[in-house]
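The values are calculated or read from the model by the stated rules, or taken from the named source; none is laboratory data. As the structure is a prediction and not an experimental result, all values here were calculated from the model. Virtual Cβ from ideal backbone geometry, glycine too; neighbours counted across all protein chains shown. What goes into the accessible areas is simple: the full protein's heavy atoms, side chains included, and nothing from ligands, DNA or RNA. Shrake-Rupley method; radii C 1.70, N 1.55, O 1.52, S 1.80 Å.
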Amino acid sequence: MPLRADKTLLTQQEAAQRLNVNQSTISRLLTSNMLEPATRNNGRNTYVTAESVIRYSRQHHGGGRPMSPDMAMGLLCMLDGWDADWLTSMQRHRIRGRLQTSSPDELAWIVRNRARTMRVYAFPPNLPTLRSQALDGGVTDEKVSLRFGLASKKDVLECYMSETMINGFLADWTVRETDTSNMIVHIVSDRMFTLIREHGGIPLAACAVDLMESADPREYATGLEQFESMIEEWRSRS
């Protein structure tokens with residue numbers, strides 16, 4: 001039976017029950033960033049986001065070890081036709097080998113460390129300013145929503161930010177971590193943020209994988225369909 005996101009946060013015991021594992025496994029998955037933690041306002045009880053439990057249950061766990069953030073983003077950029085010239089020739093050779101032989105689920109699994117994801121709340125009047133400084137991702141980018149055939153979200157911002165940017169926004173309370181959120185922020189290194197911005201924005205392949213991590217069944221299915229299509233197109237060119 002597929003998991004459903006009937007609430008935003010789960011206790012570690014509930015997450016263990018959903019995944020049919022013990023709580024020590026949940027602790028290990030949290031430590032290795034395979035599940036996403038969330039701390040209640042009292043700061044004492046660590047919960048698990050339902051979205052990350054659903055994501056973990058869907059993804060293929062036999063695809064191998066995750067790539068480094070640079071390699072993971074490089075794979076997604078190469079899938080979009082970029083050179084990914086920040087990687088060595090050997091790293092690009094390894095990526096081409098994975099793109100030729102791995103399934104979409106396996107590729108989505110090994111690029112899971114491409115960014116660190118944080119769900120935060122921003123006062124709605126601040127969203128336009130935040131969007132102007134970040135890089136749009138997911139279906140909050142109108143070009144992406146049109147390409148993927150999904151309605152563009154107006155009241156939620158999914159974006160990419162650098163480590164320095166998100167730390168600055170958290171420090172001045174422009175955004176804050178709460179149980180409810182209207183922003184999904186994918187955080188990359190300052191260097192990677194600059195490289196992506198210079199190339200013109202987040203690659204579509206990264207947006208497709210972002211959708212594959214959504215708790216919304218339609219967004220997940222659309223992300224998978226688009227990711228499969230991109231892989232097929234890349235293989236036909238290679």
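Quick rundown of the values:
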{"read-out": "The stretch 64-194: radius of gyration over Cα atoms, expressed as a fraction of 2.2 N^0.38 Å", "value": "1.15"}
{"read-out": "3J(HN,Hα) from dihedral phi, the stretch 213-220, Karplus parametrisation 6.51/-1.76/1.60, rounded to Hz, x for glycine, proline", "value": "9, 6, 7, 7, x, 5, 5, 4"}
{"read-out": "Beta bridges per DSSP with both ends in the chain, % antiparallel, nearest 5", "value": "70 percent"}
{"read-out": "Rg over Rh [alpha-carbon atoms, Kirkwood Rh] for the stretch 120-238", "value": "0.99"}
{"read-out": "Percentage relative contact order, the chain, counting C-alpha pairs under 8 Å, at least six apart", "value": "20 percent"}
{"read-out": "Integer Hz, Karplus 6.51/-1.76/1.60 couplings in order for the stretch 28-35, x for Gly and Pro", "value": "5, 5, 5, 4, 8, 6, 7, 10"}
{"read-out": "Centre separation in Å (Cα based) which lies between the stretch 167-238 and the stretch 126-163", "value": "9 Å"}
{"read-out": "Residues of the chain: accessible area per residue with a 1.4 Å probe, Å²", "value": "50 Å²"}
{"read-out": "Hydrodynamic radius (Kirkwood) for the stretch 102-166, which is based on Cα pairs only, to one decimal in Å", "value": "13.5 Å"}
{"read-out": "Residue among 69, 31, 178 farthest towards the positive dipole end of the chain, charges placed on Cβ", "value": "31"}
{"read-out": "Helix-only mean residue ellipticity at 222 nm for the chain, each DSSP H run of n ≥ 4 adding -39500 (n - 2.57), per residue, nearest 500", "value": "-14500 deg cm²/dmol"}
{"read-out": "Kirkwood Rh (inverse of mean 1/r, distinct Cα pairs), the stretch 87-139, angstrom", "value": "14.4 Å"}
{"read-out": "Low-density loop positions, GluC sites (Glu not before Pro), the stretch 154-238 - DSSP coil, at most 15 other Cβ in 10 Å", "value": "177"}
{"read-out": "Candidates per trypsin sites (Lys or Arg not before Pro) in the stretch 94-199, loop by DSSP, up to 12 other Cβ within 10 Å", "value": "154"}
{"read-out": "Carbon and sulfur %, accessible surface of the chain computed with the full protein complex present, 1.4 Å", "value": "48 percent"}
{"read-out": "Rg and Dmax [Cα atoms of the stretch 181-238; Å; Rg one decimal, Dmax integer]", "value": "13.5, 41"}
{"read-out": "Share, in percent, of DSSP beta bridges within the stretch 107-238 that are antiparallel, nearest 5", "value": "60 percent"}
{"read-out": "Taking the C-alpha atoms of the chain, convex hull volume expressed per residue in Å³", "value": "129 Å³"}
